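The values are calculated or read from the model by the stated rules, or taken from the named source; none is laboratory data. Not measured: the values here are computed from a predicted model. Glycine also receives a Cβ, built like all others from the backbone with ideal geometry; neighbour counts cover every protein chain displayed. Just the protein is used for accessible areas: all its heavy atoms, side chains included, with ligands, DNA and RNA removed. Shrake-Rupley method; radii C 1.70, N 1.55, O 1.52, S 1.80 Å.
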Amino acid sequence: MSSNGEPTDLIGVDVGGTKALGVRLRPGPGPGGIVDRVELPSAAAGPDVVEVVARVVDRLVPDTVGAPPRALGVGLAGFVDGDGIVRAAPNAAGLVDVDVVAALRSRTGLDAVVDNDANCVAVAAHEWSDPPVDDLVAVTLGTGIGGGIIVDGRLLRGARGFAGEPGHAVVDPDGPVCPCGQRGCWERFASGSALRDAIDSAVRAGDLDDSAVPGRTGVELAAAVRAEVPGAGEVLDAFAARVALGVAGLVAVLDPAVVAIGGGLSAMGRELVDTVRRQLELRHRAVLLSPAPRIELAPFGPDAGAVGAAVLAGRRIALRGG
């Protein structure tokens, strides 16, 4: 709260492989809401991330109504430790060992909190779960695959703070090389990058009309499925089967009430989630014990990571008595 009792807006920024997405979140007695949103291109590379995030903040802060924001939450791809420093990042190597927290505090003047981007999605999904649940897994499908795990209502961090990286679980030891150095990681088959490759292969093979997916994006594929373009459904089914493979493993290990799908591919909407659910039921019924977990889109869609980062920033203020 501000000194005059007005809610203090929170800033959250999710830095992905191609863009930085920022929101200004208005806390309140209910769930609050997004009052402003900014999206800028980003290469997610090293110290440049600080400047990209700062530009997002600069765009969000001038229009703040009432008290200025008190804190900034940032979601970054990679293995983020308890100090908010990325210690490994297969898809953003330039971030490794950069003290983004200190740099952002210096550049923006805001109290900064940095966490794994998929953890931020998990926080948002848990905060806005309806009906509420205590056990949830978030899977983010973007350039790679990230994950965030909520157990008994709390974010699971692990011994080093790196819990929740299912994208680097090996599903095919003879599969393609992953940027992390292993072969056959799940994200090599079920990420946004993998979907782009699958769409391109279908077009080159003549199984899908190029005009339906000129940008080779998931959103275009979902639209093609809705329009019943020949071949589009088959591409989505095959991709969703690979997503379902990893989700089934998470369900078997963690028994969540909800699996929330976030990341850039969540912009595909119901076509993605419904097809993943169908593939789970077809191929992995043994792990879907009654009642089966809900498979749903993360709240706020692709904005969920930024929203969750803002929520984490607000929690930091509360812990410090701010």
* For the range 234-322, run through the trypsin sites (Lys or Arg not before Pro) and keep only the ones in DSSP coil with at most 15 other Cβ atoms within 10 Å of their Cβ. => Arg320
* Structure fact -> Note to self: Kirkwood Rh of the range 89-245, Cα pairs, one decimal, Å, is 17.7
* Structure fact -> So, for the Cα atoms of the chain, Rg and Dmax in Å stand at 19.3, 64
* Taking 0.36 nm per residue of separation and subtracting the Cα-Cα distance, what length does fully extending Leu282 through Val219 add? -> 20.3 nm
* To do: Would you mind checking the tilt of helix 117-127 against the longest principal axis of the Cα atoms of the chain, expressed as 0 to 90 degrees and rounded to 10?
  => 80
* Structure fact -> accessible surface per residue for the chain, probe 1.4 Å, DNA/RNA/ligands not counted, whole Å² -> 43
* Asked: If you average the sequence gap of Cα pairs under 8 Å that are 6 or more apart and divide by the length of the range 171-221, what percent do you get for the contact order?
  -> 23
* To do: Could you give the C-alpha radius of gyration of the range 221-320 expressed as a fraction of 2.2 N^0.38 Å, taking N as the number of residues it contains?
  => 1.26
* Using a simple spin-label model with points 7 Å from Cα along the Cα→Cβ vector, what separation in nm is obtained for Asp210 and Val96? -> 3.9
* Structure fact -> With R₀ set to 41 angstrom, the calculated FRET efficiency between the beta-carbons of Arg105 and Asp174, to the nearest 0.05, is 0.35
* As a check on your grasp of the helix formula, calculate [θ] at 222 nm for the chain: sum -39500 (n - 2.57) over DSSP H runs of n ≥ 4, divide by the residue count, round to the nearest 500. => -11000 deg cm²/dmol
* To do: Working from Cα positions, state the angle (0 to 90°, nearest 10) between the long axis of helix 270-283 and the longest principal axis of the chain.
  => 50
* Asked: Any idea what angle helix 304-319 forms with the longest principal axis of the chain, computed on alpha-carbon atoms, 0 to 90 degrees, nearest 10?
  -> 30
* Structure fact -> A 1.4 Å probe over the protein heavy atoms gives the chain a carbon and sulfur accessible-area percentage of 52
